Amino acid sequence: MHEAAMRPGDDVILSVQDLAVHFPIGGSLLGHGQRLLRAVDGVDLELKRGECLGLVGESGCGKSTVALSLLGLLTPTRGRIVMDGQPVSGKQSGDRKALARIVQMVFQDPYASLNPRQTVRRTLEDPLRLHGVTARSEIEGRLEAMLKHVGLRPEQAGRYPHEFSGGQRQRIGIARALILNPKIVICDEPVSALDVSIRAQIINLLLELKETLGLSYIMISHDLGVVEHMSDRVAVMYLGRIVETGGWREIFERPAHPYTRTLIAAIPDPLRRAPLATTKGELPNPLNPPDGCAFAPRCRHAEAVCQRAPVPSLETRPDGHAVRCWRADDIAGEAFADAALT
Amino acid sequence: MTTAPLIEVEDLRIDLDGRSSRVAAVEDVSFRIERGETFGLVGESGCGKSITALALIGLLRRPLSVASGAIRFEGREIQSLSAAEQRDLRGDRIAMIFQEPMTALNPVSPVGRQIAEMFVLHKGKSWREANQLAVEALASVRVPAPERRVNDYPHQLSGGMRQRVMIAIALACGPDLLIADEPTTALDVTVQAEIIELMRNLCAERGTAILMISHDLGLVANVCRRVAVMYAGRIVEQRGSDEIFRACAHPYTQGLVDSLPRLGTRAAHGRSRLREIAGVVPAIADFPSGCRFNPRCAQATEICRTTAPETTWLDAGGLVRCHHHA
Amino acid sequence: MKLGTSLIIGGLLFALAIVVGLLAPWLAHTDPVMDANLMNAEEPPSWLWWFGTDAQGRDIYSRVVYGARISLTVGIVSQLVNSVIGVTLGLSAGYFGGWWDDIVNGLTNLMLAIPSLIFALAIMAVLGPGLTSLLIALGLTNWSFTCRIARASTLSLKSQGYVQAARVLGYGDLRIMITQLLPNMLGPIIVIGTLGMGSAVLAEASLSFLGLGIRPPFPSWGSMLSEARDQITTAPWLSVFPGLAIFLTVLGLNLLGDGLRDILDPQSRSRRT
């Protein structure tokens, strides 16, 4: 990778090379008629210390599968994941415990992601005990500090999840993710299940914690406004592959892939009435992906070359902006009608 | 035709019967929608936008009930209609689509049959004619290969396709009003964009009015001509969609707009801390007295805590309900 | 309120049975086994003999009071065994899936296909009568419903965010099952357990009635009914009182189970607004 070559290696806290996760679907016991779902098919990612990497794409693009692989909950078909200098295999349960101290996750639904039968105290203390923190005073100290970090009062620790509002529940979920002092936090749509007036609180909190605790984030979201606000770098996925990646400014101001452009122009803005960008058709069946570029059937720039194999490769430009499109240069001149320039 | 608006809601109050008490889940809600107009109700969970819509089609069920106020469809009071008359109104004149089309479609019946049923039920067509009309209805919502798709069951379709089927069913009888309750919340953005364009075009072609309910300010601003913002059971601001979010009159509306990480803001102005609205959305049983937004409002004064503000008509058109409106 | 009535009545009946069983030595007028006196044989109920006496002149009231001990022990212990087996199998099958799930499913279907009383009869025939064999027989034959419920709950719970979160925090499988899954399925399990206790009390009565359960002279309600069989027309009190005790206890347990279902079952609990 271009940037990796220029920077010292220890700057990179997470590197993913050629990650692939394939699921066998259907077929008989002996494997006849079995088909392969390539949920993730050759993904490279790099996360630097203290940065936030936005991972965007629509449902079925494989972003959640990438997250599960990073968390060690899925065994990749191939590929290499190195976190904080250590290769991750995700197979043994001992590894998973060590991994838990490096990478944690904030979940989307603050209602389903807290055990209704556990108090906040148990939710936060049990992981500490499991990971060998036994001194009563240390547990108490870390619990209190963490509750303060996420904006809850220590005396609320004895309460059950149902006694909290959605926003407060999400704070508890964030506290749980941070209690083991992880280095990387995967945020999976952390605000999309919250009320609109509460979202800003949680976004601000996540950004503050990133600074004060020196965290690195992988931010999975379909809300591009949130991704632009929070991310340093962005990777756009489509049908199991990264189609475009680069710094947030490149992605949002000069998107090069037609899919990224569509995605951005499809977001309705409250201050601006405009026709929304539409595509033809829908996501292709991932069991039977198109031969060439996966986006070609829906792309208004597609030509014959796009519809034939091979799949275009991810071409990295000198500024680190990488695009997987045969026609990126041809359409670059076409002004991108950027949404909302106020 | 008469000069009465298509639908007119006046001082609507919807009560929630609790175990020991009755509380008003919706109060003092008034608005009207003209023929062919697009009107949006925005608000957060529990603000009463969805139950207001259910009241419009007479589908409120215990513990919710209309306590007072009027809902008139073409001048006729809906509350006074018999159950059978209300049923005729639903589906034929007023149709509704929901957030999750999977739960609104019958899983064991082919989608074509579910569309055809509308023609048989409301238009007295024979099944043979109705089946033909169903194919045309699917074609009109841009479902590819509609002749084959009519035989599909809901689970065989993608989320976007299912929502198209829902729209086909809703528009089958050429209703005068389409109520869309978070119609795209479960969908991806590119699919959302297609569904929105589809709804806009179909309704414009047929002169169908739309009442759109959503928490997404951008969506409502882009689909509707006029927008009402609801908070804790009351309409706090109601104006044309061009100005409501650009020159907000109510602190809540302003707060919502300011708290959004809008696409393009960071590129234009750099990253600054998002403006937060303090506090939490109140539950129906805990609606504060006075102006219901007062505990979360930076501009609140004594009067906000004691007295509910009256409706103020703005010079520029529209209304706001705030003691200190801009 | 509606929710409370069955819970309260059922709870009171069950509590009454337990109190009677616990306080039997103080409540009973005579020793249920030893105090036979042919002089008092087959006395009808009176101020002296509240429930009458049997052919050996033993006080039926005292025997019914002591009988509560055996009936409730059988009901509670055998259902506990059933619950433990059912939860262990159902939870692990739902959690791990695969071949283990297939085996447990097959076993559950097999158990559901054989009438449990017949199965218990067969076990009793092998083990011979007595309290221990009764507990084993009834404890091994009635876990299939618990197992099904536990498996279904596990399947729906294991995709919940908090179970995922526990995995991400490095929890092992056993810890996840015990701390995350079990507490959240306890409601329906307790309901099924309470109803199961009722049927265990009935099953004890049936087996004892058939002479395979508790052997005379020890009083269990079922064995008392069995002994009273021949005198049903001449001395009806011999069967009426133990029968009433069974009826009230089982009714109480069923009402309690229904009442608990109302408050514990998330399906019937009011959803968040």
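Let's see how each residue does on (1) assigned to a loop (DSSP other than H, G, I, E, B); (2) over 30 Å from B:Cys224 (Cβ atoms); (3) in contact with a Gly (Cβ under 7 Å, 6 or more places away or on another chain):
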{"position": "A:Val227", "(1), (2), (3)": "no, no, yes"}
{"position": "A:Met237", "(1), (2), (3)": "no, yes, yes"}
{"position": "A:Ala274", "(1), (2), (3)": "yes, no, no"}
{"position": "A:His301", "(1), (2), (3)": "yes, yes, no"}
| said: For segment A:186-193, check the following and say yes or no: at least one residue is away from every other protein chain (no Cβ under 13 Å), touching a residue at least 12 places away in the same chain (Cβ under 8 Å) and not aromatic (Phe, Trp, Tyr). | reply: no
| query | Taking into account only those residues within segment A:134-144 that are surrounded by fewer than 16 Cβ atoms within 10 Å (Cβ to Cβ) and not acidic (Asp, Glu), which is farthest from the other protein chains (Cβ to nearest Cβ)? | reply | A:Ser137
| remark: Contact list, first residue from segment B:315-326 and without any contact (Cβ under 8 Å) to a residue 60 or more places away in the chain, second anywhere and part of a loop (DSSP other than H, G, I, E, B) and of a type in the set (A, V, I, L, M, F, W, C), beta-carbon distance below 9 Å, six or more apart or interchain, is B:His323/B:Cys291; B:His323/B:Ala300
| Subset of segment B:254-274 that is part of a helix (DSSP H, G or I) and touching a residue at least 12 places away in the same chain (Cβ under 8 Å) - its residue that is nearest to the other protein chains (Cβ to nearest Cβ) | B:Ser259
| remark: Restricting segment B:284-324 to residues that are of a type in the set (D, E, K, R) and crowded, with 16+ Cβ neighbours inside 10 Å, the one nearest to B:Val236 (Cα to Cα) turns out to be B:Arg321
| request: Count, please, the residues in segment A:63-88 that happen to be surrounded by fewer than 22 Cβ atoms within 10 Å (Cβ to Cβ), more than 14 Å from chain C (Cβ to nearest Cβ) and among the β-branched types (Val, Ile, Thr). | output: 2
| Looking only at segment B:10-37, which residues are buried (at least 21 other Cβ atoms within 10 Å of the Cβ), touching a helix residue (DSSP H, G or I) at 6+ places or on another chain (Cβ under 8 Å) and within 24 Å of B:Leu177 (Cβ to Cβ)? | B:Leu12, B:Ile14, B:Ala25, B:Val26, B:Val29
| message | Any residue that is farther than 30 Å from A:Ser165 by Cβ and among the charged types (D, E, K, R) - is there at least one of those in segment A:66-81? | response | yes
| task | Tell me which of these C:Gly97 doesn't satisfy, since it passes every other one: (1) surrounded by 15 or more Cβ atoms within 10 Å (Cβ to Cβ); (2) modelled with pLDDT of 85 or more. | result | (1)
| Within segment A:299-306, is even one residue closer than 22 Å to A:Cys52 by Cβ and surrounded by 17 or more Cβ atoms within 10 Å (Cβ to Cβ)? | no
| task | Look through segment A:214-225, keep the residues that are within 20 Å of A:Ala67 (Cβ to Cβ) and outside any strand (DSSP E or B), and return whichever of them is modelled with the highest pLDDT. | result | A:Leu215
| said: Given the options A:Gly151, A:Gly173, name the one that is within 27 Å of the chain's Cα centre (by Cα) and within 12 Å of chain C (Cβ to nearest Cβ). | reply: A:Gly173
| Filter pass, B:Ser68 being under 18 Å from the mean Cα position of the chain (by Cα), outside any loop (DSSP other than H, G, I, E, B) and surrounded by fewer than 18 Cβ atoms within 10 Å (Cβ to Cβ) | no
| task | Those residues that are among the small types (Gly, Ala, Ser) and modelled with pLDDT under 90, I need them from segment C:140-160; list them, please. | result | C:Ser159
| note | Exactly one of A:Ser113, A:Ser165 is within 11 Å of another protein chain (Cβ to nearest Cβ), over 20 Å from A:Glu208 (Cβ atoms) and of a type in the set (Ser, Thr, Tyr), and that residue is A:Ser113
| note | Given the conditions (1) buried (at least 18 other Cβ atoms within 10 Å of the Cβ); (2) out of contact with any Phe, Trp or Tyr (no Cβ under 8 Å at 6 or more places or on another chain), every one holds for A:Arg273 apart from (1)
| query | Which of (1) under 22 Å from the mean Cα position of the chain (by Cα); (2) closer than 21 Å to A:Gln108 by Cβ; (3) of a type outside the set (Asp, Glu) does C:Ala166 not meet, given it meets every other one? | reply | (1)
| query | Looking at (1) over 30 Å from A:Leu206 (Cα atoms); (2) away from every other protein chain (no Cβ under 14 Å); (3) in a loop (DSSP other than H, G, I, E, B), which is the only condition A:Val305 fails? | reply | (3)
| For segment B:74-128, which residues satisfy the criterion of being polar (S, T, N, Q), outside any loop (DSSP other than H, G, I, E, B), at pLDDT below 90 and closer than 19 Å to B:Gly159 by Cβ? | B:Thr103
| request: Name the residue, out of B:Ala278, B:Ala298, B:Ala249, that is more than 7 Å from chain A (Cβ to nearest Cβ), assigned to a loop (DSSP other than H, G, I, E, B), small (Gly, Ala, Ser) and free of Cβ contacts under 8 Å to residues at least 40 places away in the same chain. | output: B:Ala278
| Is it the case that some residue within segment A:231-249 is facing chain B (nearest Cβ under 10 Å) and surrounded by 23 or more Cβ atoms within 10 Å (Cβ to Cβ)? | yes
| request: Among the numbered conditions (1) in contact with a helix residue (DSSP H, G or I) (Cβ under 8 Å, 6 or more places away or on another chain); (2) of a type outside the set (Phe, Trp, Tyr); (3) in the same structural domain as A:Asp319 (by TED's automatic domain parsing), tell me where A:Arg241 comes up short. | output: (1)
| field | Members of segment A:150-178 found to be within 28 Å of A:Ser216 (Cβ to Cβ), surrounded by fewer than 18 Cβ atoms within 10 Å (Cβ to Cβ) and in contact (Cβ under 8 Å) with a residue 40 or more places away in the chain, listed by number | value | A:Gly151
| Single match in C:Leu256, C:Leu260, C:Leu207, C:Leu186 (criterion: farther than 30 Å from A:Ala100 by Cα, under 20 Å from the mean Cα position of the chain (by Cα), surrounded by fewer than 23 Cβ atoms within 10 Å (Cβ to Cβ) and not small (Gly, Ala, Ser)) | C:Leu260
| said: Out of the residues in segment A:266-295 meeting the condition of being under 22 Å from B:Leu263 (Cβ atoms) and of a type in the set (D, E, K, R), tell me which one is farthest from the other protein chains (Cβ to nearest Cβ). | reply: A:Arg272
| Can you find a residue in segment C:169-183 that is in contact with a Gly (Cβ under 9 Å, 6 or more places away or on another chain), within 14 Å of another protein chain (Cβ to nearest Cβ) and touching a residue at least 60 places away in the same chain (Cβ under 8 Å)? | yes
| query | Got a sec? Which helices (runs of 4 or more DSSP H) wholly within segment B:138-236 have at least 2 residues that are surrounded by 22 or more Cβ atoms within 10 Å (Cβ to Cβ) and more than 12 Å from every other protein chain (Cβ to nearest Cβ)? | reply | B:159-171
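The values are calculated or read from the model by the stated rules, or taken from the named source; none is laboratory data. As the structure is a prediction and not an experimental result, all values here were calculated from the model. Note that we place each Cβ from the backbone using ideal geometry, even for glycine, and neighbour counts take in every protein chain shown.
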